[in-house]
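Student: Quick one: this structure, given as structure tokens, is what I'll be asking you about.
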Amino acid sequence: MEPRILQVRTKILKANDTLARQMREKFLSKGIFVSNWVSSPGSGKTLWLELTLRRMIQRGLRVAAIVGDLETDRDAQRLQRSGAAVRQIMTHGLCHLEADMVEREFNSWELGPIDHLFIENVGNLVCPTSWDLGESLRVGLLSVSEGEDKPLKYPGLFNTCDVVLLTKMDLAVACEFQRSFAIDNLQAVRPGIEVLATSGKTLAGLNEWIDWLEGRRQVTLG
Ligand SMILES: Nc1nc2c(ncn2[C@@H]2O[C@H](COP(=O)(O)OP(=O)(O)OP(=O)(O)O)[C@@H](O)[C@H]2O)c(=O)[nH]1
Ligand SMILES: [Mg+2]
């Protein structure tokens, strides 16, 4: 990359990091646990998030979600079916969310107290990597039809995740998915990473996931 372009890019990323740090402190001081969901397009973020929101509401937790897409508010409409407050950000060509977009949306929202704020990022295995959104947890998803090698091919993204959900496990046999190979590859790029196997169709892993996530919130907020 040309030195001048590199300088501008570094400056923009630094400004994003500074804002994201402030946002994280603000969210945590309000008792809000923020998670940023990243994965390739179609790997199951919206379906699993809708199920997560629904189940958390059933458990009496206060939840809200922001979802980013290049175009359409289709995902927001799907997530709203859970009963949660949801906002859609349309990026009109940008392949990731940035901290100031989330901040603007959050500040313009009349939202009561919440326990969890979920951010579904734009589907992409590269662009969201360097953009901190003020989250306390980064959730990666890897669906069984993508191939077990994706963590090795996109180490930048999987390396920034705290937990990875293996999604669409109901299709694992048809895709000849080798779970242990996928887990080994995830461990190679991020040793010690938590991995959970899930299906949005059979609901496999849902209760375990909700328990894990709520546990993380409680530990983080003390
Ligand atoms: N069989 C099966 N299909 C799933 C599962 N999860 C999601 N799908 C399907 O996969 C397709 C994509 O799911 P979405 O939830 O829209 O994926 P996404 O990651 O939100 O996609 P983008 O927002 O476009 O990046 C939909 O047709 C879902 O019904 C699953 O666990 N099993
Ligand atoms: Mg989606």
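Student: Quick check on G93: is it open to solvent by less than 60 Å² (accessible area, probe 1.4 Å), within 16 Å of ligand 1 (Cβ to nearest atom) and in contact with a Ser or Thr (Cβ under 6 Å, 6 or more places away or on another chain)? Can you show your working first?
Tutor: Working: open to solvent by less than 60 Å² (accessible area, probe 1.4 Å): yes; within 16 Å of ligand 1 (Cβ to nearest atom): yes; in contact with a Ser or Thr (Cβ under 6 Å, 6 or more places away or on another chain): no.
No.
Student: Residues being farther than 27 Å from N159 by Cβ and either more than 10 Å from ligand 1 (Cβ to nearest atom) or in contact with an Asp or Glu (Cβ under 7 Å, 6 or more places away or on another chain) (or both): count how many of those fall in segment 33-81. Please lay out each step first, then the result.
Tutor: Within segment 33-81, the first condition is being farther than 27 Å from N159 by Cβ, and the residues that meet it are 50, 53-64, 71-74, 76-81.
Those still in the list that are either more than 10 Å from ligand 1 (Cβ to nearest atom) or in contact with an Asp or Glu (Cβ under 7 Å, 6 or more places away or on another chain) (or both) too: 53-64, 71, 73, 76-81.
The number of residues fulfilling the criteria is 20.
Student: Name the single residue that is farthest from the chain's Cα centre (by Cα) among those in segment 9-41 being within 16 Å of ligand 2 (Cβ to nearest atom) and either surrounded by 13 or more Cβ atoms within 10 Å (Cβ to Cβ) or within 11 Å of S136 (Cα to Cα) (or both). Break it down stepwise before answering.
Tutor: Here is the first cut: in segment 9-41, the ones within 16 Å of ligand 2 (Cβ to nearest atom) are 35-41.
Now narrow it down to the ones that are either surrounded by 13 or more Cβ atoms within 10 Å (Cβ to Cβ) or within 11 Å of S136 (Cα to Cα) (or both): 35-40.
Details: S35: 6, N36: 3, W37: 1, V38: 4, S39: 8, S40: 11 Å.
My answer is S40.
Student: Here's another thing I want to ask about it. Could you tell me which of the residues D132, D170, D184 is acidic (D, E) and within 14 Å of the chain's Cα centre (by Cα)? Reasoning before the result, please.
Tutor: Working: D170 fails: within 14 Å of the chain's Cα centre (by Cα); D184 fails: within 14 Å of the chain's Cα centre (by Cα).
On inspection, the qualifying residue turns out to be D132.
Student: Let me ask something else. Show the residue pairs that are 6+ apart or on different chains and have beta-carbon atoms under 8 Å apart, the first residue being within segment 48-59 and in a loop (DSSP other than H, G, I, E, B), the second being open to solvent by less than 10 Å² (accessible area, probe 1.4 Å) and within 16 Å of ligand 1 (Cβ to nearest atom).
Tutor: Listed by first residue and then by second, the contacts come to R59/I210.
Student: Of all residues in segment 189-211, count the ones that are more than 16 Å from ligand 1 (Cβ to nearest atom) and surrounded by 13 or more Cβ atoms within 10 Å (Cβ to Cβ). Before you say what the answer is, go through the steps one by one.
Tutor: Of the residues in segment 189-211, the ones more than 16 Å from ligand 1 (Cβ to nearest atom) are 189-194, 211.
Narrowing further to those that are surrounded by 13 or more Cβ atoms within 10 Å (Cβ to Cβ): 189-190, 193-194.
Residues in segment 189-211 being more than 16 Å from ligand 1 (Cβ to nearest atom) and surrounded by 13 or more Cβ atoms within 10 Å (Cβ to Cβ): 4 in total.
Student: Separate question: Out of the helices (runs of 4 or more DSSP H) lying entirely within segment 129-222, which hold 1 or more residues that are modelled with pLDDT of 95 or more and among the acidic types (D, E)? Reasoning before the result, please.
Tutor: Details: elements: 150-153, 155-159, 179-189, 206-221.
Answer list for segment 129-222: 179-189, 206-221.
Student: So which residues in segment 106-123 are surrounded by fewer than 20 Cβ atoms within 10 Å (Cβ to Cβ) and either among the aromatic types (F, W, Y) or at positive phi (or both), if there are any at all?
Tutor: Scanning segment 106-123 gives a single hit, W109.
Student: Taking segment 124-140 as the search range and keeping residues that are touching a Phe, Trp or Tyr at 6+ places or on another chain (Cβ under 7 Å) and either within 15 Å of ligand 1 (Cβ to nearest atom) or open to solvent by 10 Å² or more (accessible area, probe 1.4 Å) (or both), which one is farthest from G68 (Cα to Cα)?
Tutor: Checked segment 124-140; the qualifying residue farthest from G68 (Cα to Cα) is S136.
The values are calculated or read from the model by the stated rules, or taken from the named source; none is laboratory data. Since we're looking at a predicted model, the values are computed, not measured. Quick reminder, even Gly has a Cβ in these numbers, built from the backbone with ideal geometry, and neighbours come from all protein chains shown. Surface areas here come from the heavy atoms of the whole protein model, side chains and all, with no ligands, DNA or RNA. Shrake-Rupley method; radii C 1.70, N 1.55, O 1.52, S 1.80 Å.
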